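Below is one structure, written out as structure tokens; the observations come after it.
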Amino acid sequence: MADIKITQKRNNSTEIIISGELTIYCVMEIYQQHFQQLKVKEITLLKLENITEIDTAGVQLLIMLMKIINEQNSNYQITSLGEAVTDYSNLFQLNSYFIDFKNTNEMASNKKEGQQ
């Protein structure tokens, strides 16, 4: 089971630390308890370095979290990334979500350049 810690900081940011296993056996509970009613500030910092195991359901939860953050006009920044997420990301070519773009401002500017 994953451990989720959400901290609203004074510098207009929200910090989300996810540790442990992020698998099909726990993602629905995590979503309902922590992310369904999540309110974030202008910047959201994601610390994913202590995720020990992840599967497709865990990746879907992380992508859903990124969508929730974007819908609230917040930018997310992945400040740390562990081996489990990196390995999964490399294996299934998901680097654009987790590795290539650690900041959504960078991702948005790169998308605009690609459309021109």
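The values are calculated or read from the model by the stated rules, or taken from the named source; none is laboratory data. As the structure is a computational prediction, the values presented were derived from the model and not from experiment. Here Cβ is always computed from backbone atoms with ideal geometry, including for glycine, and neighbour counts include all displayed protein chains.
Some points to look at:
- Residue match in region 9-28 (condition: in contact (Cβ under 8 Å) with a residue 60 or more places away in the chain and out of contact with any Gly (no Cβ under 8 Å at 6 or more places or on another chain)): yes
- Selection status of Ile99, at pLDDT 95 or above, surrounded by 13 or more Cβ atoms within 10 Å (Cβ to Cβ) and under 14 Å from the mean Cα position of the chain (by Cα): no
- Members of region 22-46 that are surrounded by 12 or more Cβ atoms within 10 Å (Cβ to Cβ), over 14 Å from the mean Cα position of the chain (by Cα) and within 14 Å of Ile69 (Cβ to Cβ): Lys41, Glu42
- Enumeration of residues in region 31-76 that are closer than 18 Å to Ser13 by Cβ and β-branched (Val, Ile, Thr): Val40, Ile43, Thr44, Ile68, Ile69
- Residues in region 8-21 that are farther than 20 Å from Glu71 by Cα and small (Gly, Ala, Ser) were compared, and the one that is surrounded by the fewest Cβ atoms within 10 Å (Cβ to Cβ) is Gly20.
- Candidates in region 80-90 are the residues that are surrounded by fewer than 16 Cβ atoms within 10 Å (Cβ to Cβ) and of a type outside the set (Asp, Glu); of these, the one that is modelled with the highest pLDDT is Ser80.
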